[in-house]
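Laboratory data are not the source of any read-out in this text; all were calculated from the coordinates shown. Remember, predicted model here, so these are calculated numbers, not experimental data. All Cβ positions, glycine included, derive from the backbone under ideal geometry; neighbour counts span all protein chains shown.
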Amino acid sequence: MSRTIHIDPITRLEGHGKIDIFLNDAGDVDRAYFQVPELRGFEKFAEGRACEDMPQITSRICGVCPMAHHMAAAKALDDLYKVDPPAPAKKLRELIYNIFTVEDHALHFYFLGGPDFVVGPGAPKAERNILGVIGKVGLEVGKQVIAARKELRELINRMCGKVIHPVFGLPGGVSKPMKKEEQQLFIDAADRAVEFGKFSLKVFDDIVLANSQYVDWIVSDTYTHKTYYMGLVDENNKVNFYDGKLRVVKPDGSEYVKFNPGDYLDHVAEHVEPWSYIKFCYLKNVGWKGFEDGEQSGVYSVAPLARLNASTGMATPLAQEAYEKMFATLGGKPVHHTLANHWARLVELLYAAERMKELANDPEIADPNVRAIPKNKPAEGVGVVEAPRGTLFHHYKTDDRGVMTHANLIVATQNNAARIALSVDKAAKGLIKKGEVNDALLNMVEMAFRAYDPCHGCATHALPGQMPLVVRLHDSGMNVVSEVKRN
Amino acid sequence: MSDAAAFEPRIVAFFCNWCTYTAADLTGVSRMAYEPNVRVIRVMCSGRIDPEFILAALREGADGVLIGGCHPGDCHYIEGNYKMLRRYRLLLKYLRAMGVDERRVRLEWIAASEGDKVQRVVNELTWTIRELGPLALPVMPQPEGAGASEESALAEANA
Amino acid sequence: MSKPKAGFNWFASCGGCEEAVVDLHEAILDVVAAVDIVFWPCAMDFKKDDVRAMRDGEMDVCFINGAIRTSEEEEIAHLLRRKTKIVIAFGSCSHMGGIPGLGNLFTRDEILEHDFTQSFSVVNPEKTYPQEVTKVPEGEVELPRFLDYVRSLNQVIDVDYYLPGCPPPVALLRNAVQAVLSGELPPRGTVLAPDKALCQECPRLDSKPDDLAITEFKRPQEIIIDEEKCLLAQGLLCLGPATRSGCGAPCVNGNMPCTGCLGPTSRVKDYGLSTMTVFASLFESKDEKEIDELVDKIVDPVGSFNRYSLPSTFLHRKANV
Ligand code: SF4
Ligand code: SF4
Ligand code: SF4
Ligand code: FES
């Protein structure tokens, strides 16, 4: 009797991500399908819009990481008009972008994915949220987290009009300069952010690393995939969120290719499956070989762990230390353990804070020269940034008045979609035996994809970072024979 | 073609009281026949016509709209007809973008004495729309009571 | 007295409206303490049947964000309506259709074709499209169908109040929660924001000329934008004169024009049309050619005037789709 398990992690009322698991007659897993049943058509309805509206329109793809779309769009517009923003404008953009990254990584670690670890995968579900984190680390610390986010978000508001859906980026620069008297606010906040970054890594040390069981989780085979990794790097091959070249490493960690973002079409392609609205990215020159890992398969991964794997280190001292420690502890580069994304995220948080500090102190940061007026006719442009959840591509074509004729957007989760599907399939196969499904299993399957912080999921929408899960077993007549519910 | 032949356009006309409306009267008095497809709404000045009235008419089933105002310089409220002209030019661009053939909405300056122009313009517009066919705006299911706002916009125009 | 029962739900949305709730920061703890949250899909396991099991009107208030794109969303909207005393449309998507509403310029098929066959990076020689039901070797996998069009919430169910904005300003949200808690609510159908134009609360109002005459439009990339002067007076298409206030003009503070996310004031039926009327009446020229040159500078009237409101216009959708 073959059966279907249907996991709808979001609640069936919303439906932004679901998993169907098919069991064979023995009750073992045949195949798990990770689906994205959502499509909003931004690429199509970008057509006909004025190109300068793209930073504001595309930010509405995601209200959790609007800044990533906003910046990728602004960079695509620079390229579209072939205009080079003045140095202070680039620095301001990068400063704001790093502030956003600190704040967003903190959101994920403390509110969304982190509770799995901080509170513990085996803890009662009611505690696996920010309140549970506060219980574990103390109310003072909890307040510090909320205060840190508030301060950073208010700084973004100050420069960008709105933190949710900014109005900052323009072709050739930004809408307004930082005032001299504002600079100190940013410098002070950066100092606090660096402390916050160090503190967060310590939380990880004390709670996760001190517990050998957690480490076993991280390195367990169920959460391991040997794929290619992609990330943006600077001229020294160090991680950069705002600008640089894309570097791809092979599953063995050696460089596979390094390319200019504008050449992405030579390297990245998307595959369509009839059972999901999300497209699956792969490395074009390796080819689509199905849902497989290994060097022969074009499946690659993005997001914090991938960025660390794809680089040779961090450009700031404290983050570099943390980077070395992570790889030393997990057995050297590259690390293929999906759950290590949480650790990598904190290494990045510290880097973003240190970079914020460098830029806030830069004498040029409050220079009023933040705009270059485009002189060329617009035609075609590509903009790439590292969103917290991975590489984000915006590619626009316009007529010579700057009216959009074509938009191609590849969001982080698309880059990761094939690997997420692999992770879910593997977790299901590793954890479901003889038709037995229990609550712990649901957690673990959920953790497999929550580690990526998939942008379309409830993971990014949820306040307490707790997703309801329902698994239903169907017999071949599609009757529900049992149901396991997590609440 | 038989379908097209059977189609009779419904046209809403907003005529300025001081010029075009009087001209339309004159057409009647002079027994100048014109196509019977037009329903005239009298307004005090073309400047009083809000684009909301025009779109409300289309939404309510009109296949075309005709606006008649005083010739430039002749408006009783000095600049009403220029106001209408500016709105009209912007509205046409919007209509094109929204997939409505701009020939369905026509603005003409018709003085009180130009009964023949009323006849010509009404006929031309009717024939054009006959050719274009019904407007047939795509429908979206609406809950009970939706559309009330559009009626009131028309009622306002009538007042 | 027992605490009021509250619910939250979202449909086709970006998540920014939820983030706006999180941006209440500490104040969110007060909200959680004052109401009994009986329904929050991301926080609790929740099934349609659970809502069905509620008495009609059992929930005192439900905040709903996001536009309606699928038939499933439509069904749930009706269900929530029956079970809730006060439905509040939360955010532009729910209030007027929002940015996803721009999808009404295209058909569903055009969107699918673009995404799955025409996009630059897609490799799909077999022209595979996502299917509502796919036979896979192991069985069948289903996807929901999305409708041909996007609708605002009040195009699907009766809505009691609206909290406008993309996302709604935190101050308005705080006021709305207080109004619900105190029971001091305005008449049904009210938009819970001040009923006057944004210019009235704009810090640059003083530099807006009383007899402003527009002779030229500028696009933001064409000029260095003065940080003090009224944006409209600088030739930018600032929608402040036609948009409801209540946000404190954050976009203007970011030195960019208002794009109208709070929508119109109460007397306006079609935000885009009334905005166009406001602007057209500021044009200086009386010459058709000159007027057309000015109009020509507005390269995307729909995206400029109806960026957040297309489904709620008289036309609702592009006509020839
Ligand atoms: S109203 Fe704006 S912030 Fe809210 S869901 Fe819609 S797009 Fe996002
Ligand atoms: S037009 Fe814009 S900038 Fe000028 S006063 Fe109004 S809201 Fe402010
Ligand atoms: S200034 Fe305009 S676009 Fe910006 S938040 Fe206010 S109403 Fe919305
Ligand atoms: S009075 Fe006739 S158009 Fe103004």
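Just checking the output field for A:171-178: average partner chain Cβ neighbours within 10 Å of each residue's Cβ? List each step's numbers first, then the result.
Details: counts 4, 1, 2, 2, 8, 6, 2, 0.
Taking the mean over all residues of the peptide, I get 3.
Could you work out the mean count of beta carbons from other protein chains within 10 Å of each residue's beta carbon in A:400-410? Write out the running numbers ahead of the final one.
Values: counts 0, 4, 4, 3, 3, 0, 4, 3, 7, 3, 3.
Mean number of neighbouring Cβ atoms from other chains: 3.
Cα gyration tensor of the stretch C:229-312, axes a ≥ b ≥ c as square roots of the eigenvalues: rounded (a/c below 1.5), prolate (a/b > b/c) or oblate? Write out the running numbers ahead of the final one.
Numbers: a/c = 1.87, a/b = 1.31, b/c = 1.42.
Oblate.
What is the Cα centroid distance between the stretch A:320-386 and the stretch B:50-73, reported in whole angstrom?
Spelled out, the Cα-based centre of one part sits 56 Å from the other.
Enumerate by residue number the trypsin sites (Lys or Arg not before Pro) in the stretch C:161-263 meeting two conditions: DSSP loop (anything except H, G, I, E, B), and at most 15 other Cβ atoms within 10 Å of the site's Cβ. Could the numbers behind the result be given before it?
On the way: sites: C:R174, C:R188, C:K196, C:R204, C:K218, C:K229, C:R244; in loops: C:R188, C:K196, C:R204, C:K218, C:K229.
Those that pass, being in a loop and sparsely packed, are C:R188, C:K196, C:K218, C:K229.
Looking at the protein assembly as shown only, what percent of DSSP beta bridges run antiparallel? Nearest 5 please. Working shown, then result.
Numbers: 63 of 101 bridges.
In the protein assembly as shown, approximately 60 percent of DSSP beta bridges are antiparallel ones.
How long are the semi-axes of the equivalent ellipsoid of chain C, defined as square roots of 5 times the Cα gyration tensor eigenvalues? Whole Å, largest first. Intermediate values should be presented prior to the final figure.
Values: eigenvalues 261, 169, 54 Å².
In descending order, the three semi-axes are 36, 29, 16 Å.
Between C:E288 and C:S266, what's the calculated FRET efficiency when r is the beta-carbon distance and R0 is 41 Å? Round to 0.05. Show your work: numbers first, answer last.
Numbers: r = 34 Å, r/R0 = 0.83.
After rounding, the FRET efficiency stands at 0.75.
How do C:H114, A:H165 rank when sorted from fewest to most other Cβ atoms within 10 Å of their own Cβ? Don't skip to the end; give the middle numbers.
Values: C:H114 21, A:H165 28.
So the residues, fewest neighbours to most, are C:H114, A:H165.
For the protein assembly as shown, what are the per-bin percents of Cα-Cα distances with bins 20 Å wide, up to the bin holding the maximum?
Result, from short to long distances: 14, 45, 32, 9, 1, 0 percent.
How would you classify the stretch A:257-359 from its alpha-carbon gyration tensor, with a ≥ b ≥ c the square roots of the eigenvalues: rounded for a/c under 1.5, else prolate if a/b is greater than b/c, otherwise oblate? All intermediate terms of the calculation are to be shown ahead of the outcome.
Working: a/c = 2.24, a/b = 1.79, b/c = 1.25.
The shape class here is prolate.
Determine the alpha carbon to alpha carbon distance for each of A:K143/C:K5; A:K226/C:K135; A:K284/C:K127 and list only those over 21 Å.
A:K143/C:K5; A:K226/C:K135
When A:E151, A:E348 are ordered from fewest to most other Cβ atoms inside 10 Å of their Cβ, what list results? List each step's numbers first, then the result.
Values: A:E151 17, A:E348 28.
Lowest count first: A:E151, A:E348.
With r as the distance between the Cβ atoms of C:K297 and C:Q200 and R0 = 41 Å, compute the FRET efficiency 1/(1 + (r/R0)^6) and round to 0.05. Each step should come with its number before you reach the end.
On the way: r = 27 Å, r/R0 = 0.65.
Taking R0 as 41 Å, the efficiency between C:Q200 and C:K297 is 0.95.
Kindly provide the helix-only [θ] at 222 nm of chain C, computed as the sum of -39,500 (n - 2.57) over DSSP H runs of four or more divided by all residues, to the nearest 500 deg cm²/dmol?
Values: 11 runs with 86 residues, N = 321.
Helix-only estimate at 222 nm: -7000 deg cm²/dmol.
Please give the net charge around A:K91, taking every other residue with its beta carbon less than 10 angstrom from that of A:K91, where Lys and Arg add +1 and Asp and Glu add -1. It would help to have the intermediate numbers written out before the result.
On the way: positive: A:K90, A:R93; negative: A:E94, A:E358, A:D362, A:E364, A:D367.
Result for the local shell: -3.
Give, rounded to the nearest 20 debye, the magnitude of the charge dipole that the stretch C:144-301 has about its Cα centre when Lys and Arg contribute +1 at Cβ and Asp and Glu contribute -1 at Cβ. Walk me through the numbers before you get to the answer.
Values: 16 positive and 23 negative charges, 146 e Å.
Charge dipole of the stretch C:144-301: 700 debye, to the nearest 20.
In straight Cα distance, which lysines are under 21 Å from A:K357, not counting same-chain residues fewer than 8 positions off?
A:K90, A:K91, A:K150, A:K176, A:K179, A:K180, A:K198, A:K202, A:K238
Once label points are set 7 Å from the Cα along Cα→Cβ at both A:D28 and A:D263, what is their separation, rounded to one decimal in nm?
Spacing of the two 7 Å Cα→Cβ label points: 4.5 nm.
Pairs of Cα atoms under 8 Å, at least six residues apart: use those to get the relative contact order of the stretch C:124-262, whole percent. Let's see the in-between values first.
Working: 162 pairs, mean separation 31.1, N = 139.
Contact order relative to length: 22 percent.
Taking the Cα atoms of the stretch B:7-134, report the difference between the largest and smallest coordinate on each principal axis, in whole Å and largest first.
In descending order, the Cα extents are 35, 32, 19 Å.
Once label points are set 7 Å from the Cα along Cα→Cβ at both B:W127 and C:T128, what is their separation, rounded to one decimal in nm?
Result for the modelled spin labels: 5.7 nm.
State the answer as a single residue: which of A:I218, A:P261, C:A27 lies farthest towards the positive end of the charge dipole of the protein assembly as shown, with beta carbon charges of +1 for Lys and Arg and -1 for Asp and Glu, about the Cα centre.
Of the listed residues, the answer is C:A27.
Simple spin-label model, 7 Å along Cα-to-Cβ: A:N361 to A:K82 in nm?
Computed distance between label sites A:N361 and A:K82 equals 4.0 nm.
To the nearest 0.05, what FRET efficiency results for A:R401 and A:K429 with a Förster distance of 51 Å applied to their C-beta separation?
Values: r = 54 Å, r/R0 = 1.06.
Step by step, r from the Cβ atoms, then E = 0.40.
Hey, got the dipole for the protein assembly as shown? About the Cα centre, +1 on K and R Cβ, -1 on D and E Cβ, debye to the nearest 20? Mind showing how you got there, number by number?
Working: 109 positive and 131 negative charges, 78 e Å.
Dipole about the Cα centre, nearest 20: 380 debye.
Across peptide A:272-284, what mean number of C-beta atoms from other chains lies inside 10 Å of a residue's C-beta? Numbers along the way, then the final one.
Numbers: counts 12, 6, 13, 11, 4, 8, 1, 8, 0, 2, 1, 0, 2.
Partner-chain Cβ atoms within 10 Å, mean over residues of A:272-284: 5.
Of B:G61, A:I61, C:Y149, which is farthest along the charge dipole of the protein assembly as shown in the positive direction, counting Lys and Arg as +1 and Asp and Glu as -1 at C-beta?
B:G61
Please say if the stretch A:63-112 is rounded, prolate or oblate, where rounded means a/c under 1.5 for a ≥ b ≥ c the square roots of the C-alpha gyration tensor eigenvalues, and otherwise the choice is prolate for a/b larger than b/c and oblate otherwise? Don't skip to the answer; put the middle values down first.
On the way: a/c = 5.31, a/b = 2.07, b/c = 2.57.
Oblate shape, in that a/c is at least 1.5 and b/c is the bigger or equal ratio.
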